[in-house]
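Worksheet for the structure shown next.
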Amino acid sequence: MQEIAVYLNSRAGKADAGVWEKEILRCLFRSSVTFRRPDSIDELRDNLEFDIKRRVDSIISVGGDGTANTLIQKLAGENIGLLVIPGGTANDLAAELGTKHSIRHALSQIRARQTKKIDLISVNGQLMATNGGIGFGGRVANQINEMRKKIPLFKTFMKYSGRSVYSFFAATELLDPRFNRYKFKIESKEFSGIVEGPALLINNQKVLGGGFTVAPGADNSDGKMNISLFKHRSRAQVLQCLWSMSKGSDMSQDPHFLSFETDALKVELLESSEKDVNFFGDGEVFHQSCRSWDIKILPKSLLVYCMEKESSFLSYCSQVTLTQ
């Protein structure tokens with residue numbers, strides 16, 4: 001019998017949690033399922049360490065990218081399958097793994113044992129699975145996280161607005177009269193130099209913020225990460241760049257946009273118009289007031305459940321229908 005531990009986002013209401021639990025138990029009735037709703041990060045870490053020690057077969061994360069990010073810090077290299085069920089705002093990792101369609105669709109992957117290993121990115125020792133960086137993306141993530149902490153009703157607003165909340169805050173950031181730029185020193189095998197601009201993105205997958213394609217060639221299992229440098233000198237240039245990205249344009253035609261792939265790089269912040277500069281990863285603020293970042297890929301270090309092809313799901317459903 002499979003041993004499965006389910007981690008529910010503590011911000012979910014009791015009614016929502018009850019719905020999740022009922023559906024999970026219905027779909028995984030042949031498994032031994034333990035539900036966990038930790039009230040703090042420390043409690044979550046203690047629970048997770050216990051589940052790893054008892055060698056559960058699978059961990060299910062019900063929440064957003066931030067919940068999954070907390071779990072992967074301990075699950076990396078453990079060979080315990082992680083299933084991400086979207087219960088957050090952007091749900092970038094769930095979308096990339098094909099688990100965003102429905103809870104039944106997602107849970108079917110445990111029954112079918114559909115897994116693969118993906119790369120993780122280490123940023124000064126802290127891990128991320130999707131996208132991150134420095135600049136306007138970090139400021140947007142920080143603003144949203146601060147609003148969640150200070151205004152209880154903001155969580156309800158996020159629940160109903162979905163991923164559009166990121167677009168809203170990104171728009172307000174880009175329309176701010178202040179145009180923050182940074183001077184970075186970049187060191188890697190593929191590119192080294194000093195770059196000035198409003199943002200630097202580190203991408204382990206194509207999509208950021210619930211649907212914005214920032215790195216079309218990124219692949220979370222190829223042993224590389226995509227680096228996107230925005231060198232634009234004005235807000236108008238940035239807006240034009242983002243508009244072109246949203247349309248799927250060839251970004252090599254933008255002289256102020258630099259993109260390359262690498263497995264390791266060092267970033268040093270030489271100058272900034274901001275006092276505090278944050279690195280964000282998986283929608284969370286990683287390092288506050290840091291001036292340098294050692295970033296590297298950890299190839300195939302996380303075992304995840306995924307649905308790479310719809311045909312695989314249909315095939316699985318056919319097998320279940322025929323055998324039951």
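The values are calculated or read from the model by the stated rules, or taken from the named source; none is laboratory data. The structure presented is a predicted model; accordingly, all values stated were derived computationally and were not measured. Please note: Cβ atoms are built from the backbone with ideal geometry, for glycine as well, and neighbour counts cover all protein chains shown.
Failed condition for SER32, given (1) polar (S, T, N, Q); (2) crowded, with 17+ Cβ neighbours inside 10 Å; (3) modelled with pLDDT of 90 or more, with all others met?
Tallying (1) polar (S, T, N, Q); (2) crowded, with 17+ Cβ neighbours inside 10 Å; (3) modelled with pLDDT of 90 or more, SER32 fails exactly one: (2).
How about segment 259-292: which of its residues are under 18 Å from ILE121 (Cα atoms), of a type in the set (D, E, K, R) and not in a strand (DSSP E or B)?
Correct list: ASP263, ASP282.
Scan segment 276-304 and report the pairs whose first residue is assigned by TED's automatic domain parsing to the domain that holds ASN180 and without any contact (Cβ under 8 Å) to a residue 24 or more places away in the chain and whose second residue is surrounded by 19 or more Cβ atoms within 10 Å (Cβ to Cβ) and of a type in the set (S, T, N, Q), with Cβ atoms within less than 6 Å and a gap of 6+ or a chain change.
Filtered contacts from segment 276-304: GLN288/ASN278.
Consider LYS100 carefully, then state whether it is at pLDDT 95 or above and within 17 Å of ILE59 (Cα to Cα).
Numbers: at pLDDT 95 or above: no; within 17 Å of ILE59 (Cα to Cα): yes.
Against the criterion (at pLDDT 95 or above and within 17 Å of ILE59 (Cα to Cα)), LYS100 does not qualify.
Could you please let me know if LYS117 is modelled with pLDDT under 95, of a type in the set (Lys, Arg) and under 18 Å from ASN220 (Cβ atoms)?
On the way: modelled with pLDDT under 95: no; of a type in the set (Lys, Arg): yes; under 18 Å from ASN220 (Cβ atoms): yes.
Considered against the rule, which asks whether it is modelled with pLDDT under 95, of a type in the set (Lys, Arg) and under 18 Å from ASN220 (Cβ atoms), LYS117 comes out as no.
Look through ALA236, ALA218 and report the one residue that is within 20 Å of the chain's Cα centre (by Cα) and either part of a loop (DSSP other than H, G, I, E, B) or free of Cβ contacts under 8 Å to residues at least 12 places away in the same chain (or both). Let's see the steps before the verdict.
Working: ALA236 fails: within 20 Å of the chain's Cα centre (by Cα).
After applying the criteria, what remains is ALA218.
Looking for whichever is at pLDDT below 90, among the charged types (D, E, K, R) and buried (at least 17 other Cβ atoms within 10 Å of the Cβ) here; the options are ASP51, ASP65. Which one fits?
Of ASP51, ASP65, the one residue that is at pLDDT below 90, among the charged types (D, E, K, R) and buried (at least 17 other Cβ atoms within 10 Å of the Cβ) is ASP65.
Considering only segment 240-258, I want to know if a residue exists there that is closer than 13 Å to GLY135 by Cβ, in contact (Cβ under 8 Å) with a residue 12 or more places away in the chain, outside the structural domain of LEU107 (by TED's automatic domain parsing) and assigned to a loop (DSSP other than H, G, I, E, B).
No, there is no match, as no residue in segment 240-258 is closer than 13 Å to GLY135 by Cβ, in contact (Cβ under 8 Å) with a residue 12 or more places away in the chain, outside the structural domain of LEU107 (by TED's automatic domain parsing) and assigned to a loop (DSSP other than H, G, I, E, B).
Quick check on ILE227: is it farther than 28 Å from ILE118 by Cα and at pLDDT 90 or above? Lay out the reasoning, then the answer.
On the way: farther than 28 Å from ILE118 by Cα: no; at pLDDT 90 or above: yes.
For ILE227, the condition - farther than 28 Å from ILE118 by Cα and at pLDDT 90 or above - is not met.
Just wondering, is there one or more residues in segment 179-202 that are part of a loop (DSSP other than H, G, I, E, B), under 22 Å from the mean Cα position of the chain (by Cα) and either among the hydrophobic types (A, V, I, L, M, F, W, C) or farther than 23 Å from GLU268 by Cβ (or both)? It would help to see each step written out before you state the result.
The first filter runs over segment 179-202 and keeps only residues part of a loop (DSSP other than H, G, I, E, B), leaving 179-181, 188-192, 198.
From the residues that got through so far, the ones that are under 22 Å from the mean Cα position of the chain (by Cα) too are 198.
Narrowing further to those that are either among the hydrophobic types (A, V, I, L, M, F, W, C) or farther than 23 Å from GLU268 by Cβ (or both): none.
No, segment 179-202 contains no residue that is part of a loop (DSSP other than H, G, I, E, B), under 22 Å from the mean Cα position of the chain (by Cα) and either among the hydrophobic types (A, V, I, L, M, F, W, C) or farther than 23 Å from GLU268 by Cβ (or both).
Conditions tested, residue by residue: (1) surrounded by 16 or more Cβ atoms within 10 Å (Cβ to Cβ); (2) modelled with pLDDT under 90; (3) touching a helix residue (DSSP H, G or I) at 6+ places or on another chain (Cβ under 9 Å).
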residue	(1), (2), (3)
LYS150	no, yes, no
SER164	no, yes, no
PHE168	no, yes, yes
ILE186	yes, no, no
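Would you call GLY132 at pLDDT 65 or above, assigned to a helix (DSSP H, G or I) and closer than 24 Å to GLY88 by Cβ? Give the steps one after another, and end with the answer.
Details: at pLDDT 65 or above: yes; assigned to a helix (DSSP H, G or I): no; closer than 24 Å to GLY88 by Cβ: yes.
No, not satisfied.
Pull up segment 200-209, narrow it to residues that are out of contact with any Gly (no Cβ under 7 Å at 6 or more places or on another chain) and either under 16 Å from GLY64 (Cβ atoms) or surrounded by 22 or more Cβ atoms within 10 Å (Cβ to Cβ) (or both), then point me to the one that is modelled with the lowest pLDDT.
Here is the first cut: in segment 200-209, the residues out of contact with any Gly (no Cβ under 7 Å at 6 or more places or on another chain) are 203-209.
Those still in the list that are either under 16 Å from GLY64 (Cβ atoms) or surrounded by 22 or more Cβ atoms within 10 Å (Cβ to Cβ) (or both) too: 203-205, 207-209.
Values: ASN203: 96, ASN204: 97, GLN205: 94, VAL207: 86, LEU208: 82, GLY209: 74.
Applying the filter and picking the extreme gives GLY209.
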